[in-house]
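The values are calculated or read from the model by the stated rules, or taken from the named source; none is laboratory data. Values in this document were obtained by computation on a predicted structure and should not be read as measured data. Note that each Cβ is placed from the backbone with ideal geometry, even for glycine, and that neighbours are counted across all protein chains shown. Ligands, DNA and RNA are excluded from the accessible area calculation, which covers all protein heavy atoms including side chains. Shrake-Rupley method; radii C 1.70, N 1.55, O 1.52, S 1.80 Å.
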Amino acid sequence: MPTSGSTRVFYGWWIVVAAFLNLFFAVGIIFYGFPVFYPALADSLGFTRAQLTQGFLLGFLIAGLPFGLIAGVVIDRVGARWVILAGAGLVGISLMLMGWMTKLWHYELLCIMEVLGYVLAGPIANQVLVAKWFEARRGRAMGYVYLGLGLGGVVSPLLSNYLIRNFGWRHALEVVGLLIMVILIPVGLLVTRSAPADLGLLPDGAANEDRSVAVADSRKLAARPGAVQAAIRTKNFWLILAGSTLVVGAIGAVIQHFILFLKDQGYSANQASRFFTALLVASLGGRVLVGYLADRFRKKNIMAFFYASLSAAILLLAFSHNPNTIWIFATVFGFSMGADYMLIPLVTAECFGTASLGKLLALIIMGYSLGQWGAPWVTGRIFDVRHSYELAWNIIAVAGLLGSAAILAVSPNSEKISA
């Protein structure tokens, strides 16, 4: 899109393209595509449902949590570019090495490495990157970026199934890992820039005559001592953290176990993959629509609505014997899921600004990652004990509705942090 008073395309839109690709490969293919490998890992290596997801839980506890907090500090100090590059390398290398694993501890070690790469190249760095380049059009830009995550999810089941069917699961993992490195590393080096100031620009491509005012304002924001400490003492911070943790946990549990669940219900691998792909296609609509809604309406209300609809949809899985019910579930859950991750940084920025957004998002994302990786493991444990997902689905549906209520209680204008 052109900048003010110019026909040149604002460089921030190239940043959107780079962030789109980062989320497409480092998040979309990994988070949504990896569950396609679970049946093969269970059959070939003998992993239980809990073991299939406990590698990523260990990765979060050992690497994701501490390095995620450090990543927020590093991003705010040196910028997102090098953090994303390091993460892309770790994700690619770990996937390639998974093609050689033979034991559970191999899997767990490589999951730790993969989660570390996911943390560095995933949502934290890219959310901060887009927030630095856009202000007035932040919601729209974030929506475009998160289309990458959705499209990565749409492509990954089809790509993974094709590779597994034709080359085996080991070579399939190696191909995906190599593909990630070949694309993301050149993009990071040649395209990504951490902030508009790196190219002498302003957010949204503001005109030069606005430069002195904008720079003065940004320096004022950057100079606020104790902003993070002040933010975490507010009710809003803990409501955002609790709400996102509960709902992201529900999403993680469904995504990681959906294909396994459908196969248990008697659906074939191809049918399960089609339902999964439909869910992820529906999420694209949510990502596009929410970007526009977020620029026009109260962001926290939109977030609470989609959280509630997503959680209520999980209850439909009790009627999974009917394929039509699965199609309805995939549409509602997927569409609502598309609104999820991009609304978290928007509501956080609406409450606390962008001066310390990297540190705040690191805290929030590390918090909700406990749900993202912990809930699938708990779901797997419940299945291993009861040989059914019914109790797990009911628990996470209720948890998600509580998360929606927490977000609805956020009051962006009620707790001002002094400069």
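Tally up the carbon and sulfur contribution to the accessible surface of the chain as a whole percent, 1.4 Å probe, everything protein left in place. Before the final figure, lay out the partial values.
Working: 10710 of 16350 Å².
After summing per-atom areas, the C and S share lands at 65 percent.
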Please identify every one of the chymotrypsin sites (Phe, Trp or Tyr not before Pro) in the stretch 320-419 that sits in a loop by DSSP and has no more than 10 other beta carbons within 10 Å of its own beta carbon. none
What's the tally of Lys pairs in the chain whose alpha-carbon atoms lie under 30 angstrom apart, where the two lysines are 8 or more places apart or on different chains? 21
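With the cut-off at 1.5 for a/c, could you classify the stretch 238-338 from its C-alpha gyration tensor as rounded, prolate or oblate? Mind dumping the intermediate values first?
Details: a/c = 2.47, a/b = 1.78, b/c = 1.39.
Prolate shape, in that a/c is at least 1.5 and a/b is the bigger ratio.
Can you give me the relative contact order of the chain as a percent, contacts being Cα pairs under 8 Å and 6 or more apart?
On the way: 719 pairs, mean separation 107.3, N = 419.
Relative contact order of the chain: 26 percent.
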Cα long-axis angle, helix 269-294 against the chain (0 to 90 degrees, to the nearest 10): 20
Accessible area per residue for the stretch 318-396 in Å², computed with a 1.4 Å probe and the full protein assembly in place, what is it? 35
Using each residue's phi in the stretch 173-190, evaluate 6.51 cos²θ - 1.76 cosθ + 1.60 at θ = phi - 60° and report the 3J(HN,Hα) Karplus result to the nearest Hz, with x for Gly and Pro. 4, 5, 5, 5, x, 5, 4, 4, 5, 5, 8, 6, 5, x, 4, x, 6, 9
Answer rounded, prolate or oblate for the chain, using the Cα gyration tensor with square roots of eigenvalues a ≥ b ≥ c: rounded when a/c is under 1.5, else prolate when a/b is larger than b/c, else oblate. prolate
Shape verdict for the stretch 290-419, please, from the Cα gyration tensor: rounded (a/c under 1.5), prolate (a/b greater than b/c) or oblate. prolate
Highest average packing first - 77-89, 109-121, 290-302, Cβ atoms within 10 Å: 109-121, 77-89, 290-302
